[in-house]
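The structure under discussion is supplied below as structure tokens; questions concerning it will follow.
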Amino acid sequence: MEKKLSIVVPYRNREEHLKQFVPYMEEYLAKEGIPFHIYIIHQADDKPFNRAKLLNVGHKESEEFDYFAFHDVDMLPIDSDYSYIDCPTHLATRAEQFGFRLPYDGYFGGVTLFDKESFVKINGYSNGYWGWGAEDDDVLLRCSIMGVSASRKDCGYRSLSHDRNIPESLYNKNLEKFRDLRLAPTKEKIFLDGLETLSYEKVKEEKLSEFCSILDVKL
């Protein structure tokens, strides 16, 4: 039986990007012949944006799928491979916004594939990263702590331009949180923060197309 792919997209206030992303991805994945559905997880509250927690929500809302692409809405694949993997696999290795190369050696963001077993084993993403920064470094460290091998595919992406305003106070808190895990990397910390402690309110769900749904959630 073919493996089904859930595309999970954390989202808020990017209407122009969404209009480009959904039809582009539907056409791209249809050509690849991969069974898929896109889940736009819209943070419908006034709290700071929490990309990682939205990704956990997307996983929870599509648990029946075999594997997951955690996918930023401003990344459009040029030559990317979304076929099934059996370990966490970074796809956005050549993104236009970074000059089509990795911004740093440990970069694990933008677009990342996870098989179901690995994602559950690492307890998903941390729910505690508000604003931008460090949540992808955290999830890669979680893989290392839990003995889950991570990989990369050589894939290219076009980047849709946008402003990214990062409150310095939130960014610094994120760096401190990641530093705490890096300096004292324990399994206990992982199981206190992730899928097993995820809480959210689903406000509504509607279909944007046959292959795409948008979920409004409050964190």
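Here, each number is a calculation from the coordinates, and none is a lab measurement. Remember, it's a predicted structure, so these values are computed and weren't measured experimentally. In this analysis, Cβ positions are derived from the backbone assuming ideal geometry, glycine residues included, and neighbour counts consider all displayed protein chains.
Quick one: among Thr112, Thr89, Thr186, which has the greatest mean-square fluctuation in a GNM of the chain with alpha-carbon springs under 10 angstrom?
Among Thr112, Thr89, Thr186, the largest mean-square fluctuation in the Gaussian network model of the chain belongs to Thr186.
If you don't mind, there's one more thing I want to ask. Just Glu96, Glu16, Glu135 to compare: in a GNM of the chain, with alpha carbon springs under 10 Å, which one fluctuates most?
Glu16
Are there any trypsin sites (Lys or Arg not before Pro) in the stretch 1-105 that are in a DSSP loop and have at most 10 other Cβ atoms within 10 Å? List them by number.
Filter output for the stretch 1-105: Arg101.
Got the relative contact order for the chain handy, in percent, Cα pairs under 8 Å and 6 or more residues apart?
Value for the chain: 26 percent.
Cα-Cα over 20 Å: which of Lys19/Lys207; Lys4/Lys31; Lys121/Lys173; Lys173/Lys204?
Lys121/Lys173; Lys173/Lys204
Continuing with the same structure: Which residues' amide hydrogens lie under 5 Å from the amide hydrogen of Ile78, considering only partners 5 or more residues apart or on another chain, with H built in the peptide plane?
Gly156, Tyr157, Arg158
What are the semi-axes of the equivalent ellipsoid for the chain, taken as the square roots of 5 times the Cα gyration tensor eigenvalues, largest first, in whole Å?
That gives 24, 20, 19 Å for the three semi-axes.
Let me ask something additional. So how do 103-109, 63-69, 179-185 stack up, highest first, on mean other-Cβ count within 10 Å?
Packing proxy ranking, top to bottom: 63-69, 103-109, 179-185.
For the chain, set up a Gaussian network in which alpha carbons nearer than 10 Å are linked by springs, and say which option among Leu195, Leu113, Leu175 fluctuates the most.
Top of the fluctuation ranking is Leu175.
Let me know the shape class of the stretch 73-175, please: from the alpha-carbon gyration tensor, a ≥ b ≥ c as square roots of the eigenvalues, rounded when a/c is under 1.5, otherwise prolate if a/b is greater than b/c, or oblate.
It comes out oblate by the Cα gyration axes.
Rounded to whole Hz and in sequence order, give me ³J(HN,Hα) for the stretch 83-96 from the Karplus expression 6.51 cos²θ - 1.76 cosθ + 1.60, θ = phi - 60°, writing x for Gly and Pro.
My calculation for the stretch 83-96 gives 5, 4, 10, 10, 7, x, 9, 7, 9, 7, 7, 10, 9, 4 Hz in order.
Assign unit charges at the C-beta atoms only (+1 for Lys and Arg, -1 for Asp and Glu), then state the dipole size of the chain relative to its Cα centre in Debye, rounded to the nearest 20.
Here the size comes out at about 420 debye.
Now for a separate question. Put a dot 7 Å past each Cα toward the Cβ at Lys47 and Met146; how far apart are the dots in nm?
For Met146 paired with Lys47, the spin-label model returns 2.1 nm.
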